[in-house]
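Below you'll find the structure, written out as structure tokens, and then a few comments.
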Amino acid sequence: MSFGAGLGLLVALGVALPLVAHLLRRRRTETRVFPPARLVPTATPAARSRAHLEDRALLAVRALGVLALAVLGAAPFVTCSRLALDRPGGSAIALVIVIDDSMSMRASAGGEPRFARARRSAVELVESLRDGDVVGVVAAGAPARMLVAPSPSRDVAARALAAMTPSDRATDLDAALTLAGTLARGAQQPERRVVLLSDLADGSDKPLDAPAGVSTWTPDASLAAALPDCAVVRALRRGRDVRARVACGRAEHAGERRVEVVGPSGVLGFVTLRRERAQDVEIVMSDAAPAGAQLTARLTGSDAIPDDDAAPVMTESGALSVSVVLGPSTGASERRVSVVEEALGALDETLALRPSFSVPEAPEALAPHAVVVLDDPPGLPPEARAALRGYVERGGVAVALLGSRAGSAILGNTLEPFVEGAVRWTTSAPKGSDEASLAGLGATAAGLLELAPKGRVLLDERATADATVLARWADGRPLVFTRRLGRGRVLVTTLGASLDESDLALRPAFLEILGRALSEGRARKGNLRSLVGARWEIAPSARVVGPSGPLPASDDGVLVPLRAGLYAVRAGDELEARVAEIDEREVDLSPRPAPPRASHQAAGATTSRVELSPYVAWALLALLALEAAVRLLTRSPAPRASAAP
């Protein structure tokens, strides 16, 4: 409290003055006997009657009035702090708020969750906007997302902020700031600003880069504080052994904490952590858990985020199985490892590669595989097509690398479900691909610009009518495309992996294509594990129960898990158990350096001081009116004159 506020509040002492005066008037008077007074009728002394409180209601109203005067005197010095935007020159502002909804924001700052504090600050900024301003909202949880495009509607931004909830996502501050800068620069307002409300914890120690051309402000430094945290990232069971992955922000955070495996009957085994930031521990259960019982690996002790101290124990299913259909061969004794097998092995040496020379005709033969890769198939017979279609529709991933053999299918064989219509091989092909179409394959796609093929496959236009084209030839025809089929996905290239036909298999983009198929397969098969925030493709009618209970049905067949833990996905008679895992980097709650010049002055933002005087003045006027009303209602009638004797 300031000196001026203290002086103003001294006026409140005046509320005691009427009571002090009343007490002073109640002193005893000296009594003297006057003999002639016996001849006068006895009457109640008026002075003694006035010594009692005649109107307590009026006294209370006046006391409140004195207190209001005291508050009014101190009001210029008493303020409420709120975030607002300073306006040099009074110009309109284009504001983009970046709010972090990652797992690390579940920690507390000043007695409340960081996310709640950040959202409250964002709402205050939205309320401080004026006509002519625009506001957008970007979420910094991975992947960074635009929640509201910059618009003059403050209600839209307020509703989006109210609907936000903290999640267990990782943090992607770099992408969020880049996206926010792009949105702000696209606005017409002369002042463009980005406000970052985050704990700045994403596992990196590299300073954040502020987006160019806009002012960046990190208004709440209390959000960015290093706190201790450890988490159980995953737990896999094989027999009576449980292998758990534990990550900590710092090695000393592990301390003497233990990892326990807990079942319906209690603790089945435990191990003490080592002082390491990340470690794999093996726990041998003393008793065999009941069949079908759900086990949990949990940490003892406490830290900043209790929600990440436990993880469900999943049964380890071994290496990811991939079927490679090589097509006709001269014999197993003369076969060498194909280029496709070498590429898959380079991507993941733990893969269980299952080479074969034809697609099985029984659907159950394909079910164990996460991905099926067909290396230049010469068409598929009806039974194989039906088995492959059923495998993909139930969530499988199939890849077709179409080369010269694909154009020589025998009568009755087609390449469905990969493509529909005629497929033919031509020895004439343009050199390289269309640069504008390569964004879908990332940075590795640049090597496709210099492709030197000796031919390619030509498809009917209807073959890619419902597909997403990831790369095109220089003449615009599809080179790589993918499309959804039921719950699964097919991926097709119109150029095979044979080194006699092209150098596609020697380029990094080839590994990117196969890597995408493996990523899709991992999300559907094996242990069905993925990071929080990854897209899961499920049946539109599937019922999902997550760590927090039943989830709403997905109309488009896409589920994005926001909480780490076990998910039960039931589609018809099929039941799948999936696990969403946290990113190890999210456990490190040490903030990275803020963007340079992301200060109070650089962003042109300030802390608003809300004046209380007008409100107190209105209250004082109301008390004066109340006093007048009380005086009118409680006024005693004038005494009548006594009659003459």
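Read-outs: derived from the displayed coordinates by stated rules, not from any lab. Values in this document were obtained by computation on a predicted structure and should not be read as measured data. Here the Cβ is made from the backbone with ideal geometry for all residues, glycine too, and neighbour counts use every protein chain on show.
Computed over the Cα atoms of segment 321-524, pair by distinct pair, the Kirkwood hydrodynamic radius stands at 16.8 angstrom.
Taking one quarter of the surface of the convex hull spanned by the alpha-carbon atoms of segment 230-316 gives a direction-averaged projected area of 5.0 nm². Rounded to the nearest Hz, the phi-derived 3J(HN,Hα) couplings of segment 256-271 under the Karplus curve 6.51 cos²θ - 1.76 cosθ + 1.60 (θ = phi - 60°) are 10, 6, 10, 10, 10, 9, 10, x, x, 8, x, 6, 9, x, 7, 8, where x marks glycine and proline. Here the 3J(HN,Hα) profile of segment 196-208, calculated from phi with Karplus coefficients 6.51, -1.76 and 1.60 at θ = phi - 60°, is 9, 10, 7, 7, 6, 9, 9, x, 10, 10, 7, x, 5 Hz, Gly and Pro shown as x.
Fully extending the segment from Ala452 to Lys431 would add 7.0 nm, taking 0.36 nm per residue of separation and subtracting the current Cα-Cα distance. Per residue, the Cα convex hull of segment 529-581 amounts to 63 Å³. Summarising the amide proton neighbourhood of Asp503: residues at separation of 5 or more, or on other chains, whose placed amide H is nearer than 5 Å comprise Ala452. Computed over segment 451-549, the range of Cα coordinates on each principal axis works out to 56, 29, 18 Å, biggest value leading.
Pairwise over distinct Cα atoms, reciprocal of the mean inverse distance: report the Kirkwood radius of segment 142-251 in Å, one decimal place. The answer is 17.0 Å. In segment 451-604, taking the dipole from charged Cβ atoms about the Cα centre, the farthest positive-side position among Pro595, Gly455, Leu504 is held by Pro595.
The string of couplings for segment 476-483 from the Karplus curve (6.51, -1.76, 1.60, θ = phi - 60°) is x, 6, x, 9, 9, 8, 9, 8 Hz, one whole number per residue in order, with x for Gly and Pro. Computed over neighbours whose Cβ is under 15 Å from that of Leu449, the net charge equals -3, Lys and Arg +1, Asp and Glu -1. Distances between placed amide hydrogens fall under 5 Å for Val373 paired with Ser323, Val324, Val325, Val399, all partners being 5 or more residues away or on another chain.
Residues whose amide H comes within less than 5 Å of that of Leu268, counting only those at least five positions distant or on another chain, are Val261, Val262, Gly263 (H built at 1.01 Å from N in the peptide plane).
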